[in-house]
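The values are calculated or read from the model by the stated rules, or taken from the named source; none is laboratory data. On a predicted model such as this, the values are computed, not experimentally measured, just so you know. When we count neighbours, we look across all protein chains shown, and the Cβ atoms used for this are built from the backbone with ideal geometry, even at glycine. Heads up: the accessible areas ignore ligands, DNA and RNA and are worked out on the full protein's heavy atoms, side chains in. Shrake-Rupley method; radii C 1.70, N 1.55, O 1.52, S 1.80 Å.
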Amino acid sequence: MNSAILDGQAASTAMRNGWKGIIVYGAVRNAATLQGLSIGVKALGTNPRKGTGSMGQRGGAVNISNAQFQSGWWVFADKDGILISQTDISGQGGYG
């Protein structure tokens, strides 16, 4: 983790686009700013160094460690970890 993948500005943009959370398989920066935003962020750690940007892909599967996330699946997270489900198991009937 030589540099951060996400910062407060990018997270704010994600919020404006209707995102509810971001999972980062790497480091973030501006942790105090991120904590104050109304968007969930899970990351492996922090690093003050800004990374170089690159574009991702939309709609494809994402592999992180031994877990695979598919487009349309549900992700639930709290301070202890992340749970992936093919269906909404929140008991709230969906949100967002």
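Add -39500 (n - 2.57) for each DSSP H run of 4 or more in the chain, then divide by its residues: what number comes out at 222 nm, to the nearest 500 deg cm²/dmol? Mind showing how you got there, number by number?
Values: 2 runs with 15 residues, N = 96.
So the helix-based figure for the chain works out to -4000 deg cm²/dmol.
Would you mind classifying segment 25-83 by shape? Square roots of the alpha carbon gyration tensor eigenvalues, ordered a ≥ b ≥ c; an a/c under 1.5 is rounded, otherwise it is prolate if a/b is larger than b/c and oblate if not. Write down the numbers at each step before the final one.
Values: a/c = 1.85, a/b = 1.30, b/c = 1.43.
Cα axes put segment 25-83 in the oblate bin.
How many nm is it between the label spots at Gln86 and Gln70, if each spot is 7 Å from the Cα in line with the beta carbon?
Label-label distance for Gln86 and Gln70, simple model: 0.5 nm.
Accessible area per residue of the chain at 1.4 Å probe, in Å²? Walk me through the intermediate numbers first.
On the way: 7180 Å² over 96 residues.
About 75 Å² of surface per residue is accessible.
Residue by residue through segment 73-82, which ³J(HN,Hα) values in whole Hz follow from phi under the Karplus form 6.51 cos²θ - 1.76 cosθ + 1.60 (θ = phi - 60°), with glycine and proline marked x?
Values, residue by residue: 6, 9, 10, 10, 9, 9, 5, 8, x, 10 Hz.
What does the extension gain come out to for Arg16 and Gln57, with contour length at 0.36 nm per residue minus their alpha carbon separation?
On the way: separation 41, 0.36 × 41 = 14.76 nm, distance 1.92 nm.
Gain in length upon complete extension: 12.8 nm.
Go through 80-88, 3-11, 55-63, 38-46 and give me the packing order, highest mean Cβ count within 10 Å leading. Don't skip to the answer; put the middle values down first.
Numbers: 80-88: 10.8, 3-11: 18.0, 55-63: 8.1, 38-46: 14.7.
In descending order of packing, they fall as 3-11, 38-46, 80-88, 55-63.
Roughly how many debye, to the nearest 20, is the charge dipole of the chain about its Cα centre, given +1 on each Lys and Arg Cβ, -1 on each Asp and Glu Cβ, and no other charges?
On the way: 8 positive and 4 negative charges, 66 e Å.
Its charge dipole is roughly 320 debye.
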